[in-house]
Amino acid sequence: MRGFFSALLDPSLPFLRNALYAGILSSILFGVVGAVVTVKRIAGLAGSISHAVLGGIGLALFLSAHRIVPDVPPLAGALVFAILSAFIIGLVSLKAKQRVDTAINAIWAIGMSLGILFLAKTPGYTDLMSYLFGNILFISSQNLILLAILDVVVLFLAYRFYPQLEASAFDEEFAKVRGVPTEGLFLAILILTAMAVVLLQTFIGLVMVIAMLTLPPGTASHLARNLASLMVWGVVFSFLFSFGGLALSWIFDLPTGAVVVVLAGAVYLVAAGLKAIRPGGLVRR
């Protein structure tokens, strides 16, 4: 462990410090957004959007390679597909009175299939694994700025609309009676989650995004008593998992994202086991 801290202070290894900063900034998104996703019981949404944005990434690469829209960044295509997916899921669930899971599964399959089709017609080699698993060690200063901006937006919205979020999350019918625009709030949550997923997935990969939006809040729910404390504990656990995974991957020369996910999963399973032995009053999941 001493070697890891020495490497963090080494001026010739700025990428390691950037990875640590990314872990801190990402933890805020994972903790706050993940808490809302958990209590709203739409954790599958993260997986759906993460897979659906592969369609946007594939489309962007296809358009750029064929010079239809030169130099269009994959992030732009991913963002368009993510927001579109969030709108479709929201509208289908609210207006067509369908279960959210049905829309989630449909978007998941269609988006990923479109991505594969576009990539199949894109000349040159495209490493799909980099989008699935990412590499937190490749995060740049520009990426950190984007993460910081989204953190500020998320924290402001969570603070400004906390009463509405809490009421809608735990008793939607009561919130509606009290005049909370639950449908608009639901769509806003979906879009915000979509933007967070796109930004995080581009840097650290699809697998880690899904895990970190669900496992830290899931672990935190064994300590939290309300939505606010779930957010705080979610941020804490997200940072601990990110930092611990980064340190272990550096020490044992392993892929960082995979180590973070395994660590988060192990702690979650231990917490769930302890909960089964000693049940208590926790945040409803």
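Got the relative contact order for the chain handy, in percent, Cα pairs under 8 Å and 6 or more residues apart? Display every interim value, and only then the final one.
Values: 425 pairs, mean separation 86.3, N = 285.
The value is 30 percent.
Over segment 22-161, what is the relative contact order in whole percent, taking alpha-carbon pairs under 8 Å and six or more residues apart? That works out to 35 percent. Remark: segment 33-38, residue by residue, has Karplus-estimated 3J(HN,Hα) of 5, x, 5, 5, 4, 5 Hz, where x stands for each Gly or Pro and the curve is 6.51 cos²θ - 1.76 cosθ + 1.60 at θ = phi - 60°.
The phi-based Karplus calculation (6.51 cos²θ - 1.76 cosθ + 1.60; θ = phi - 60°) puts the 3J(HN,Hα) values of segment 215-226 at 5, x, x, x, 5, 5, 5, 7, 10, 7, 10, 8 Hz, whole numbers, x for Gly and Pro.
The label point for Ala258 and the one for Asp171, both projected 7 Å from the Cα toward the Cβ, are 4.8 nm apart.
Arranged from fewest to most other beta-carbon atoms within 10 Å of their beta carbon, Ile89, Ile107 become Ile107, Ile89. Using just its DSSP H runs of length 4 or more, each adding -39500 (n - 2.57), the chain gives a mean residue ellipticity at 222 nm of -26500 deg cm²/dmol after division by all residues.
Fewest neighbouring Cβ atoms within 10 Å first, the residues Met208, Met231 line up as Met231, Met208.
Of Ser221, Ser242, Ser113, the sequence from fewest to most neighbouring Cβ atoms within 10 angstrom is Ser113, Ser221, Ser242. What FRET efficiency would be calculated for the residue pair Arg160, Leu94, taking the C-beta separation as r and a Förster radius of 30 Å, to the nearest 0.05? Approximately 0.85, to the nearest 0.05. When the Cα positions of Leu137, Trp250, His222 are compared along the charge dipole of the chain, His222 comes out farthest toward the positive end, with charges on each C-beta of Lys, Arg, Asp and Glu.
Evaluating 6.51 cos²θ - 1.76 cosθ + 1.60 at θ = phi - 60° for every residue in segment 23-30, the Karplus couplings come out as x, 5, 5, 5, 4, 5, 5, 4 Hz, glycine and proline recorded as x.
Computed from the coordinates by the stated procedures, all read-outs in this text should not be read as laboratory data. Small disclaimer: the values here were computed from a predicted structure and weren't measured. For neighbour counting, all protein chains shown are included, and Cβ atoms are generated from backbone atoms with ideal geometry for every residue, glycine included.
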